[in-house]
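Student: Right, I'll just put the structure down here and ask away after.
Every read-out reported here was derived from the displayed coordinates using simple, explicitly stated rules and does not represent laboratory data. Since the model is a prediction, treat every value here as computed from it, not as a measurement. Here the Cβ positions follow ideal geometry from the backbone for every residue, glycine too, while neighbour counts run over all protein chains shown.
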Amino acid sequence: MEATFKQKTVYQIYPKSFLDTTGTGLGDLGGIQQKLPYLQHLGIDIIWLTPIYLSPQRDNGYDIANYYEIDPAFGSMSDFEALVNEINKRGMQLIMDMVVNHTSTDHAWFQDVLIRGKSSPYYQFYIWRDGIDGQPPTNWQSKFGGSAWEYVPALDQYYLHLFDVTQADLNWEYGPMREAIYEMMRFWMDKGIAGFRLDVVNLLSKNQQFPNDTLVTPMDDGRKFYTDGPKIHEYLQAMNAAVFSHYPNTFSVGEMSSTTIEQCQRYTNPENNELLMTFNFHHLKVDYPNGAKWAIAPFDFQRLKQLFIQWQLGMQKEQGWNALFWCNHDQPRAISRFGNAKEYPYESATMLATAIHCMQGTPYIYQGEEIGMTNAYFTSIDEYRDVESLNAYATLLARGLTINEALVILQEKSRDNARTPMQWNTDENAGFTKGVPWISVNKNYKTVNVEYLLTQEQSIFTFYQQLIQLRKNNQAISEGIYQPLLVDDSHVYGYKRIFNNEKLVVLCNFFAQSVEIEKRLIDIHAYDISINNYASLESTQTTITLLPYQAVVLQC
């Protein structure tokens, strides 16, 4: 019987940084196809590609200039079709990143408006508003800094851009625009892909009154008026009916910005016919002091546990489904945030993997996570490429921080930490390219690379293989209910997974100190070890001791 999406594991590829086969310094589709045996060996079921469409690359491809064209930097449409065919032949599936909240201002639709003004058939494809006394229509702030409105003198109006100024928001109130999007999505489904990861999809519906925000807190930047907006469920149900329902076993996952459990329950409840699963990012803000991303603080472990528990129980209650992840192209490397890459690289990487992979939901692995890739810790602003990071750097300096203070923050928080080239071997540029890489390779590639780990009997890579197989072979993980354990423990995240008569206990020590657990607190007596990132488990008749960053799954 074919595995359901609940048994599968997704691997995210950032094509620009995966493997360059042409010497341009940019990864390409040929590089992905070349490494499909590697992904099969890991045990991957679904491959997710971040955007490869034609783009000026102002925001690394999330600024799409043509939805129907492959960016020549990555290859051709025939290269893409060959890749899809090879992925499907190998029993895997491909999902594409799709951005339908906004387009690049280079898109033909937007350019036609600039030429023909309000008479353009695409004028209503975007959100235009008059200014007020020479000022923007509202005080909404772009997520990349500055006003979310940009003035166009030729129209004497402002367009909305929740992200970069070159990313104009689409007007989902306008039916012909929605139909154009659905038609485009069907075009890619007909190519043989399995579905989409939908970028910031819960931002599609805006409050049409466009009220000002209070600006009392860092979160008061307008997002309350466009996050999980008034028509968002209507739009997703229509998308499902127009696209997903026409193809069998479609895979759809929504990236949800600043969302709530209640909304994600609705997005993913099968009865609502919207999405299969959702990403939320609350657990990745536990190292944001007072909600500020561009500041440094230790992560709040108790808050992390609370969020895991709340989302697991909340989604379970309403038959919702989580996308489980630590890393992606927008997040610093998890081992550098929540682990200990210097003293316990194997232990902390595998502990973090266990904590995520055994929960209720579908796990996602971001390229390099399976070998323990870390933050890059660039020492010069010239090494950074991310528009958000460059804007943040300028803002930090304007606030009075020194260059060194600003760089220390970027070293911890920049998205470029996730975008350094994949570390394949010890060759120059980590085997990523024979040219000049578009962004510097992490300096630790001589010791952290695929080639070396594949020679090791025990490694982060082999542990990920085991976790992937554990999910496939154990219904308590793929189908079982979730019950929290040790809620108040200051070091351990623990939970049960139960399916019929099967019961698993998952214990993860998030710190570099050993911790003793009383067996009565986790309701276990006899057990077998399903997976353990240490050679043994210290146990007495009444206690279990977890060593630094130890993770263990017990079958009871």
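Student: Under 13 Å Cα to Cα from LYS224, which aspartates and glutamates show up? Leave out anything in the same chain fewer than 8 places away.
Tutor: ASP213
Student: Considering only C-alpha atoms, what is the centroid distance from the range 99-173 to the range 281-337, in Å?
Tutor: 32 Å
Student: Would you list which lysines come within 24 Å of LYS519, measuring only between C-alpha atoms, while excluding same-chain residues fewer than 8 positions from it?
Tutor: Cα-Cα hits under 24 Å: LYS305, LYS496, LYS503.
Student: Under a 5 Å amide H to amide H cut-off, with H placed in plane at 1.01 Å, what residues pair with ILE531 once short-range neighbours are removed?
Tutor: Residues meeting the amide H criterion: VAL553.
Student: Within the set of other residues whose C-beta is less than 14 Å from the C-beta of TYR151, count the net charge using Lys and Arg as +1 and Asp and Glu as -1.
Tutor: On the way: positive: ARG129; negative: ASP130, ASP133, GLU150, ASP156.
The answer is -3.
Student: Related question: For PHE281, enumerate residues with amide H under 5 Å from its amide H, sequence gap 5+ or separate chain, H modeled in the peptide plane.
Tutor: SER258, THR259
Student: Report ³J(HN,Hα) in whole Hz for each residue of the range 491-497, in order, from the Karplus equation J = 6.51 cos²θ - 1.76 cosθ + 1.60 where θ = phi - 60°; Gly and Pro get x.
Tutor: Going residue by residue, I get 10, 10, 9, x, 7, 9, 10 Hz, with x marking Gly and Pro.
Student: Give me a comma-separated list of calculated 3J(HN,Hα) values for the range 526-539, in order, Karplus coefficients 6.51, -1.76, 1.60 applied at θ = phi - 60°, integers in Hz, x for any Gly or Pro.
Tutor: 8, 7, 10, 8, 7, 7, 7, 8, 10, 6, 8, 10, 6, 8
Student: Taking log10 I(q)/I(0) by the Debye sum over Cα atoms at q = 0.06 Å⁻¹ straight from the coordinates, which label in (1) -0.34; (2) -0.43; (3) -0.29 is the correct one?
Tutor: Answer by label: (3).
Student: Let me ask something else about it. As a test of the formula, what do you get for the chain when each DSSP H run with n ≥ 4 contributes -39,500 (n - 2.57) and the sum is divided by the residue count, at 222 nm and rounded to the nearest 500 deg cm²/dmol?
Tutor: Values: 16 runs with 153 residues, N = 556.
Helix-only estimate at 222 nm: -8000 deg cm²/dmol.
Student: Same structure again: How do the peptides 152-159, 9-16, 478-485 rank, highest first, by the average count of neighbouring beta carbon atoms within 10 Å per residue?
Tutor: Working: 152-159: 15.2, 9-16: 23.6, 478-485: 17.9.
Most protected by this proxy first, the peptides run 9-16, 478-485, 152-159.
Student: Whole-Hz ³J(HN,Hα) for each residue in the range 63-75, computed from phi via Karplus 6.51 cos²θ - 1.76 cosθ + 1.60 with θ = phi - 60°, x for glycine and proline: what do you get?
Tutor: 10, 7, 9, 8, 5, 9, 10, 6, 5, x, 4, 9, x
Student: Distance check, please: which entries in LYS285/LYS443; LYS89/LYS206; LYS293/LYS342; LYS16/LYS443; LYS191/LYS446 exceed 30 angstrom between their Cα atoms?
Tutor: LYS89/LYS206; LYS191/LYS446
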